[in-house]
Amino acid sequence: MLSLIALGGTLAALITLVTRASMDSQLLAEYGVVQETIVWVFLALLLPLVLLMVCEPVIRGWLRRHRAGRVLIPIAGLISVGAVLLSGSDQTARLFRYPLSLWVIIVYIVGLCILLVLLTLDNLPETMPASTFRRVEGWALVVMAVLLILAFIISVGEFMPLDLPDEPWLGSMATNFALNNDLSPSYLASAYGSPDPVLGRYYWVMGWWLRLVNNTTLVSLRLFPLIIASLAVIITLLALRRAAQLPWPQVLVGLVVLLGLSAFVRSSHNLRNDIGLAVYGALALWGQIAFFHSRRLQKRWLVLTGLALYCGLETVPTIALLYAGSIGLMLVVWWLRQPRRLFNIRYMLVYGIAVAVSGGLYFAGHFLPDVQANWVHYQAFSSVYTSVTSLGSLRDPWPVLADYFMRFNMILSPAELLIVLPALVLFWRRFPSDRWLVGAMGLTLVLALLFIPPSYGYLALFAPLVAYAVASVWQSRTLFTLGISVLLPALVALPVYDLTAATQQHHNAEAIAQTTPLLEEIPEGSIVVGEPLFWFSLHPNRQFIGWTGVSRLVRLYGIPFEQVLDNLEVDVTICWSGYEDRCNRITAQGAFSEPSAFVVNGETYWISWRLDSPESGD
């Protein structure tokens, strides 16, 4: 049977490679893979697999009698790691140039490793008592977790390229609060008032962190999402151990899976607040597990689930509201299936009240005391955001799912779908009490695909639930052994490689370092309008406003571009040469000097000084 599966997989992979040869051959060559050679290798495998199909019982018996698994299982794990590492070390380059055929090759090799391990295994029990947990497996899990944790830490500030202009825009709210006690994004020139009614209070907490470390460098800024990620990990582990009461081996599996999920890895190294969704997801997971698994239904767990929404609202309210509504809908379906509906309606009311409290806290923190002014600013932002992203408009979900989410996932972590999708199917079939959790996640994903602009980081919301699902279904000795020996190494290898490779490349540090000579040229206290890259080095002791902020003021108040620069009393402008019209308009008004060139990473930027400033030379 196993050899038949291998033969079918080989044929399927071969057909895919042949049909995509014209599209992928050049890209495969960039990854050191020759399309024609791979096709011939697959053809050559067909005959041995046919022979294996005939002799499989004999070979399986021989392998088990001689305990070949002691040698073959570690070899299978090493091969799966090597296969995944075919993806290369430059994650950013992969996102733009990655052949689907390479993913097919990687998954095929990992699949063969799985079948090799299954050939060596005896009939093992469906359930795995904690006493059967072998020391070597424990060390394997610990080593994978430690490698991930160390890679997370040492790569802070380097993994994930600078996200421009989002990181300066969002980070400036935290730095402005830390340095000036002003809770508004200075990068946008506080266009929507102060305190800002739009951005989540996630950045208020980040501001307190920056005050604590007394530093606003990129490393200090990006350490904060890593701390939030750590909080999500701790809550998830507590949910798995205390609420789900999983044995420690499976809890460790959940830890490794959570740390290895691509959305969790990326969102924990970026100033976007997506990682806060993982905290909401972990708290909601704990509350739902504790409620649906308990023989005595306890309202306090629904209170926890409802109040956890506040964490989501202060990060990404759109996807958080969809998830909270989906959980509520699952509760309605659950209630309709209960024999004592009138009595059990109280659980729905408790959850609804807790959700309302979360909404009330969000309203108070964003709109009080001047509700009317803050609401006007909120609407002004919403109109801009909606026009750019088409938020709320019905869209075709398939391109977003296939060309964005699935494509990104296959590139960032080739083995992830191989682990997650089968685990969710088994989780649904084996654990009826947890189907409400999967249903809420599925409904949220569908609604998000239909109405919300896509962001890969939003998947961090479901990372705790996915980790719980995988850990739960890996309760048999067979699945556990497969997971430890092949699947988890394949999942962990590429994130560790990407994270550590980023520390060697130093792209972010080098780019920021090239902007630091301007620290000597632009005096402290100056008001600078410039491109987002320069924010990282110039924002301390200077007021740095991005061109995005200027354009928002032009749109909000209907005044000319030149008038905005005068109203802001701008001393220095930094304009990328690619924006020729904008650069020409700066000097055309006569208030700024002729620009001087400044080069960063081969790109030319034009720097102009206000003519009445000493540095202008006039």
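Provide a single number: the residues in region 141-160 that are within 14 Å of residue 264 (Cα to Cα) and without any contact (Cβ under 8 Å) to a residue 60 or more places away in the chain. The qualifying residues number 0.
Quick check on residue 73: is it closer than 28 Å to residue 151 by Cβ, in contact with a helix residue (DSSP H, G or I) (Cβ under 6 Å, 6 or more places away or on another chain), part of a helix (DSSP H, G or I) and open to solvent by 70 Å² or more (accessible area, probe 1.4 Å)?
Values: closer than 28 Å to residue 151 by Cβ: yes; in contact with a helix residue (DSSP H, G or I) (Cβ under 6 Å, 6 or more places away or on another chain): yes; part of a helix (DSSP H, G or I): yes; open to solvent by 70 Å² or more (accessible area, probe 1.4 Å): no.
So residue 73 fails the test.
Sub-7 Å Cβ pairs linking a first residue in region 519-544 that is over 12 Å from residue 165 (Cβ atoms) to a second residue that is aromatic (Phe, Trp, Tyr) and surrounded by fewer than 21 Cβ atoms within 10 Å (Cβ to Cβ), at least 6 apart or interchain, are 529/547, ordered by first then second residue. Taking the criterion of being open to solvent by less than 40 Å² (accessible area, probe 1.4 Å), β-branched (Val, Ile, Thr) and more than 25 Å from the chain's Cα centre (by Cα), the only residue of region 304-354 that qualifies is 350.
Can we say residue 3 is open to solvent by less than 70 Å² (accessible area, probe 1.4 Å), assigned to a helix (DSSP H, G or I) and at pLDDT below 85? Against the criterion (open to solvent by less than 70 Å² (accessible area, probe 1.4 Å), assigned to a helix (DSSP H, G or I) and at pLDDT below 85), residue 3 qualifies. Residue 406 meets all of the listed conditions (1) under 25 Å from residue 89 (Cβ atoms); (2) aliphatic (A, V, I, L, M); (3) in contact (Cβ under 8 Å) with a residue 12 or more places away in the chain but one, namely (3). Among the residues of region 401-454, those that are of a type in the set (Phe, Trp, Tyr) and either within 22 Å of residue 85 (Cα to Cα) or within 17 Å of the chain's Cα centre (by Cα) (or both) comprise 404, 405, 408. Within region 215-232, the residues that satisfy the criterion of being part of a helix (DSSP H, G or I) and free of Cβ contacts under 8 Å to residues at least 24 places away in the same chain are 220, 227, 230.
Residue-level check: of (1) hydrophobic (A, V, I, L, M, F, W, C); (2) modelled with pLDDT under 95; (3) in a helix (DSSP H, G or I), residue 534 misses just (2).
So that you can scan it fast, the table gives a plain yes or no per residue for (1) modelled with pLDDT of 90 or more; (2) β-branched (Val, Ile, Thr); (3) on the phi < 0 side of the Ramachandran plot:
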residue	(1), (2), (3)
31	no, no, yes
41	yes, yes, yes
50	no, yes, yes
55	no, no, yes
62	no, no, yes
84	yes, yes, yes
97	no, no, yes
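Looking only at residues in region 163-196 that are in contact with a helix residue (DSSP H, G or I) (Cβ under 8 Å, 6 or more places away or on another chain) and among the acidic types (Asp, Glu), the one that is farthest from residue 541 (Cα to Cα) is 196.
Restricting region 509-553 to residues that are acidic (Asp, Glu) and over 29 Å from the mean Cα position of the chain (by Cα) leaves a set whose member that is nearest to residue 597 (Cα to Cα) is 521. Taking region 134-168 as the range and being more than 21 Å from residue 229 (Cα to Cα) and either crowded, with 18+ Cβ neighbours inside 10 Å or among the small types (Gly, Ala, Ser) (or both) as the test, the residues that pass are 137, 138, 140, 165. Scanning region 374-400 for residues that are open to solvent by less than 40 Å² (accessible area, probe 1.4 Å), within 22 Å of the chain's Cα centre (by Cα) and not hydroxyl-bearing (Ser, Thr, Tyr) turns up just one, 400.
Considered as a group, the residues in region 410-441 that are within 28 Å of residue 388 (Cβ to Cβ) and open to solvent by 10 Å² or more (accessible area, probe 1.4 Å) include one that is modelled with the highest pLDDT, and that residue is 441.
Return the total of residues in region 315-364 being part of a loop (DSSP other than H, G, I, E, B) and without any contact (Cβ under 8 Å) to a residue 60 or more places away in the chain. Quick ask: steps written out before the conclusion?
Within region 315-364, the subset part of a loop (DSSP other than H, G, I, E, B) is 315-316, 337-340.
Narrowing further to those that are without any contact (Cβ under 8 Å) to a residue 60 or more places away in the chain: 337-340.
The qualifying residues number 4.
Residue-by-condition table, conditions (1) open to solvent by 70 Å² or more (accessible area, probe 1.4 Å); (2) in a helix (DSSP H, G or I); (3) over 30 Å from residue 144 (Cα atoms):
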| position | (1), (2), (3) |
| --- | --- |
| 16 | no, yes, yes |
| 23 | yes, yes, yes |
| 27 | no, yes, yes |
| 39 | no, yes, yes |
| 83 | no, yes, no |
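In summary, helices (runs of 4 or more DSSP H) completely within region 540-618 and bearing 1 or more residues that are in contact with a Ser or Thr (Cβ under 7 Å, 6 or more places away or on another chain), among the β-branched types (Val, Ile, Thr) and open to solvent by 20 Å² or more (accessible area, probe 1.4 Å) occur at 580-588. Among the residues of region 261-282, none qualifies, meaning not one is touching a helix residue (DSSP H, G or I) at 6+ places or on another chain (Cβ under 6 Å), over 30 Å from residue 173 (Cα atoms) and either open to solvent by 10 Å² or more (accessible area, probe 1.4 Å) or in a helix (DSSP H, G or I) (or both).
The values are calculated or read from the model by the stated rules, or taken from the named source; none is laboratory data. Here the structure is a predicted model, which means the values were calculated and not measured. Neighbour counts are summed over all protein chains in view; Cβ atoms, including those assigned to glycine, are modelled from backbone coordinates with ideal geometry. The area values use the complete protein model at the heavy-atom level, side chains included, leaving out ligands, DNA and RNA. Shrake-Rupley method; radii C 1.70, N 1.55, O 1.52, S 1.80 Å.
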